[in-house]
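J.: My structure is below; once you've seen it, I'll send some questions.
The values are calculated or read from the model by the stated rules, or taken from the named source; none is laboratory data. Just so you know, these numbers come straight off a predicted model, no measurement behind them. For neighbour counting, all protein chains shown are included, and Cβ atoms are generated from backbone atoms with ideal geometry for every residue, glycine included.
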Amino acid sequence: MESSAATLVHSLPSKGFNFQVLNKETQFPEQFVWPLKDLVKSCDQKLDTPLIDLKAIKNDDAAMAAAAELVRKACMKHGFFEVTNHGIDHDLIAATYQEFESFFNLPLAKKQSARNNVWGYSSAHADRFTSNLPWKQIFTYPYNYISQSPSQVVDFFKVVNQRYCDAMKELSMDILELLGVSLGADRSHFQKYFEDCEGIMRGNSYPACANFNLTFGVGPHCDPTSLTILHQDQIGGLEVFVDDKWLPVPPRPQTPDAFVINIGDTFSALSNGLYKSCLHRVLVNEKAERKSLTFFMNPRGDKIVKPPHNLFNNQEERKFPDFTWSQLFGFTQKRHRADADTLPNFVTWLRSSNQN
């Protein structure tokens, strides 16, 4: 594990935090304290997300149509739904968690050596920001749907991570078929669009935090990516902003292998704004570490983000100009920290850039 992580050694200076040490300090570090406007109390009500049985809708048009309608309503309202019976083995999910846990348990200096540009280890995003820091550590790496080598992930971790990413690739195709039906497009439209896409895999660790009421594991934001496929453990903390309230998306003890799916800015643009880019946040727990696995799906970097033609049957106008994932990704890395307004701010910047 240590030797594979060490292959990432880097050009960028890295900053990091030892969260166990921070928890023992008498004064909570101000870099982690978020504004009161963001620290809005959660609602007692839970978010009602549809749970789609992917096995049940295979080769059953009626079941597919019913599931697509549930997904359509959820995505128009808040951009969240969940899937189960996806065929991904429980042992593979558990083994992937273990791989990331083994890495996160390394000494801080060793973890900090595993960073190269935007990929690898990050502690509280301190390599990018100095305030409103999230109480978390992550490890991130790219995954290409059309592989350029027999193994594209093993350099970072072990073969189990390669298998997990390959499984995410297969699962994403099933989800894209469902989304295509839900939008009234050809059911293979988005599968073809994303067949050469660029995925991003991330392991997340949210350590226990004594001052949990002052900070976030992740602050309020929309994902700039297309789709997020998330597996969360049983600790809880994920919340979605709906009807001016923060509603929890609790884990499902009865279906612990369920995946949460949320719409990001890029897919919102692909739906011409019909589907909401989900505004969400992650709370930290006072006593327990929270862990999750996140797979982000994006178009190939140079592919134009454009909705399917069937969305314009009523002469509806395009709500977003043409852009590429590379442009949006670059915007979030160099000009704008991802938040609730990333997409509109990006569009304003893009139009201004095109005029100059």
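J.: Taking the range 125-142 on its own, how many of its residues are among the aliphatic types (A, V, I, L, M) and modelled with pLDDT of 90 or more? Before the answer, list the steps.
T.: First pass over the range 125-142, keeping only residues among the aliphatic types (A, V, I, L, M): 126, 133, 138.
Filter once more, so that each one left must be modelled with pLDDT of 90 or more: 133, 138.
Counting residues in the range 125-142 that are among the aliphatic types (A, V, I, L, M) and modelled with pLDDT of 90 or more gives 2.
J.: Any residue in the range 160-181 that's under 18 Å from Ala63 (Cβ atoms): show its pairings with residues that are surrounded by 19 or more Cβ atoms within 10 Å (Cβ to Cβ) and of a type in the set (Gly, Ala, Ser) at Cβ separation under 7 Å, as long as the two are six or more apart or on different chains.
T.: Taking only residues 6 or more apart or on different chains, the pairs are Leu178/Ala67; Leu178/Ala68; Val181/Ala68.
J.: How many of the residues making up the range 261-275 are surrounded by fewer than 24 Cβ atoms within 10 Å (Cβ to Cβ) and hydrophobic (A, V, I, L, M, F, W, C)?
T.: The qualifying residues number 1.
J.: Would you be able to tell me the number of residues in the range 11-35 that are of a type in the set (Gly, Ala, Ser) and either surrounded by 10 or more Cβ atoms within 10 Å (Cβ to Cβ) or at pLDDT 85 or above (or both)?
T.: Restricting attention to the range 11-35, the residues satisfying the condition of being of a type in the set (Gly, Ala, Ser) are 11, 14, 16.
Right, trim to either surrounded by 10 or more Cβ atoms within 10 Å (Cβ to Cβ) or at pLDDT 85 or above (or both) and you get 14, 16.
Going through the range 11-35 one residue at a time, the tally reaches 2.
J.: Let me ask something else about it. With part of a strand (DSSP E or B) and within 30 Å of Phe17 (Cβ to Cβ) as the only criterion, which of Tyr141, Tyr164 stands out?
T.: Tyr141
J.: Across the range 157-183, which residue is surrounded by the most Cβ atoms within 10 Å (Cβ to Cβ) among those that are out of contact with any strand residue (DSSP E or B) (no Cβ under 9 Å at 6 or more places or on another chain) and at pLDDT below 95?
T.: Val160
J.: Within the range 248-307, can you find the residues that are hydroxyl-bearing (Ser, Thr, Tyr) and more than 11 Å from the chain's Cα centre (by Cα)?
T.: Result: Thr255, Thr266, Ser268, Ser271, Tyr275, Ser277.
J.: Across the range 318-356, what is the total count of residues that are part of a loop (DSSP other than H, G, I, E, B), in contact (Cβ under 8 Å) with a residue 40 or more places away in the chain and farther than 15 Å from Ser277 by Cα?
T.: Counting residues in the range 318-356 that are part of a loop (DSSP other than H, G, I, E, B), in contact (Cβ under 8 Å) with a residue 40 or more places away in the chain and farther than 15 Å from Ser277 by Cα gives 3.
J.: Hey, another quick one. Would you mind finding the one in Asp53, Asp44, Asp91 that is over 22 Å from Lys276 (Cβ atoms), surrounded by 14 or more Cβ atoms within 10 Å (Cβ to Cβ) and without any contact (Cβ under 8 Å) to a residue 60 or more places away in the chain?
T.: Checking each option against the conditions leaves just Asp53.
J.: Now for a separate question. Which is in contact (Cβ under 8 Å) with a residue 60 or more places away in the chain, surrounded by fewer than 22 Cβ atoms within 10 Å (Cβ to Cβ) and within 25 Å of Ile146 (Cβ to Cβ), of Asp223, Asp196, Asp233?
T.: Result: Asp196 is the single residue among Asp223, Asp196, Asp233 that is in contact (Cβ under 8 Å) with a residue 60 or more places away in the chain, surrounded by fewer than 22 Cβ atoms within 10 Å (Cβ to Cβ) and within 25 Å of Ile146 (Cβ to Cβ).
J.: Looking at this structure, is Arg115 within 24 Å of Arg281 (Cβ to Cβ) and either modelled with pLDDT under 90 or surrounded by fewer than 19 Cβ atoms within 10 Å (Cβ to Cβ) (or both)?
T.: When the stated conditions are applied, Arg115 does not pass them.
J.: Now a separate question. Just one of (1) in contact with a strand residue (DSSP E or B) (Cβ under 7 Å, 6 or more places away or on another chain); (2) part of a helix (DSSP H, G or I); (3) modelled with pLDDT under 95; (4) not small (Gly, Ala, Ser) trips up Cys43, so point out which.
T.: With (1) in contact with a strand residue (DSSP E or B) (Cβ under 7 Å, 6 or more places away or on another chain); (2) part of a helix (DSSP H, G or I); (3) modelled with pLDDT under 95; (4) not small (Gly, Ala, Ser) applied to Cys43, the lone miss is (2).
J.: Output the residues belonging to the range 57-87 that are in contact with a helix residue (DSSP H, G or I) (Cβ under 8 Å, 6 or more places away or on another chain) and surrounded by 18 or more Cβ atoms within 10 Å (Cβ to Cβ).
T.: Within the range 57-87, Ile57, Met64, Ala67, Ala68, Val71, Arg72, Cys75, Gly79, Phe80, Phe81, Val83, His86 meet the criteria.
J.: Being outside any loop (DSSP other than H, G, I, E, B), closer than 19 Å to Ser226 by Cα and out of contact with any His (no Cβ under 6 Å at 6 or more places or on another chain) is the filter here, so list the residues in the range 283-315 that pass it.
T.: First, the residues of the range 283-315 that are outside any loop (DSSP other than H, G, I, E, B): 290-298, 304, 309-312.
Imposing the further condition that a residue be closer than 19 Å to Ser226 by Cα reduces the set to 292-298, 304, 309, 311.
Ser292, Thr294, Phe295, Phe296, Met297, Asn298, Ile304, His309, Leu311 - these are the residues of the range 283-315 that are outside any loop (DSSP other than H, G, I, E, B), closer than 19 Å to Ser226 by Cα and out of contact with any His (no Cβ under 6 Å at 6 or more places or on another chain).
J.: Right, here's the next one. Spot the failing condition for Pro253; the list is (1) farther than 25 Å from Val40 by Cα; (2) in contact with a Ser or Thr (Cβ under 8 Å, 6 or more places away or on another chain), and only one is missed.
T.: Every condition holds for Pro253 apart from (2).
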